[in-house]
1. Once neighbouring chains are kept in place and the probe is 1.4 Å, which whole percent of the accessible area of the chain is contributed by carbon and sulfur?
2. Counting only heavy atoms of the protein chains, get the accessible area per residue of region 1-157 (1.4 Å probe) and round it to a whole Å² value.
3. Can you compute 3J(HN,Hα) from phi for each residue in region 72-84, using the Karplus curve 6.51 cos²θ - 1.76 cosθ + 1.60 with θ = phi - 60°, rounded to whole Hz and x for Gly and Pro?
4. Step through the residues of region 180-191 one at a time and calculate ³J(HN,Hα) from phi using the Karplus curve (6.51 cos²θ - 1.76 cosθ + 1.60, θ = phi - 60°), rounding each to whole Hz and writing x for Gly and Pro.
5. Quick query: amide H of SER135 versus all other amide H atoms, modeled in the peptide plane; which residues come in under 5 Å with a sequence gap of 5 or more or a different chain?
6. For region 1-147, please report how many Lys pairs fall under 19 Å Cα to Cα, leaving out neighbours fewer than 8 apart on the same chain.
7. Counting Lys and Arg as +1 and Asp and Glu as -1, each charge on the Cβ, what is the dipole of the chain about the Cα centre in debye, to the nearest 20?
8. What are the ³J(HN,Hα) couplings of region 156-167, residue after residue, when phi is run through the Karplus curve with 6.51, -1.76, 1.60 and θ = phi - 60°? Round to Hz, x for glycine and proline.
Amino acid sequence: MSMLPGTAIGVKTREGVVLASEKRLTYDGFVLSRSVKKVYAITPHVGVGFAGLMGDVNILKRMLEMEAKYYELQHGREIRVKGLAKMLSVILYSYKLAPMLTEIVVGGYDDSGPQLYILDPVGSLIEEKYAALGSGAQLALGYIEPKYTPDINLEEAEKLVVEAVKTVIERDVLSGDGVDILKITAKGPEEKTILFKNTLTQ
């Protein structure tokens, strides 16, 4: 099991992708915040979800936003999903001697349809139908795997990731407090936050 704190999840459907993460920030066993955002739309059609250290998350988010904007100015169009994932892979690999302590799910929709990729701290890039990263990954995958089907729709995928995050929060003290959801389709991004009542006080 990954010990990078927090949990990020991605699910691909025929209509688009759903990315989600819980909202707890922990350090050395302490809860520092219960309202941290770890899922972001980088362009109107590509988003990322992170598990790991928030300092590294914030640096990577800013770098990706700048690179995506630069690409758009250079080429006159948005960067594609795989293009952004490959760009992130190069950035992560360039830090391989002192890796960014994050695991990342990249998802979005372009002219090739919906796509979902996962990356480890040194930039290894894998395409998946669904993924869970971070300290709650095994718990989340255990919930998602038996329920996922290739013809799952967007609403079903949203319910699936919310329930998966709830399952993680019940058992993983590094995850908690709520879930941020980012849905991306051909129409663009849609964001939602669901807050949970605190079942844990640590």
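1. 55
2. Accessible area per residue, region 1-157: 46 Å².
3. Here the 3J(HN,Hα) series is 5, 5, 5, 9, x, 7, 5, 5, 6, 4, 5, x, 5 Hz.
4. 9, 10, 10, 9, 10, 10, 4, 7, x, x, 9, 10
5. LEU4, GLY6
6. Total qualifying Lys-Lys pairs in region 1-147 comes to 20.
7. 260
8. Here the 3J(HN,Hα) series is 5, 5, 4, 4, 4, 5, 5, 5, 5, 5, 4, 4 Hz.
The values are calculated or read from the model by the stated rules, or taken from the named source; none is laboratory data. This structure is a prediction, so every number in the text was calculated from the model and none was measured. Glycine also receives a Cβ, built like all others from the backbone with ideal geometry; neighbour counts cover every protein chain displayed. We work out accessible area using only protein heavy atoms, side chains counted, and drop any ligands, DNA or RNA first. Shrake-Rupley method; radii C 1.70, N 1.55, O 1.52, S 1.80 Å.
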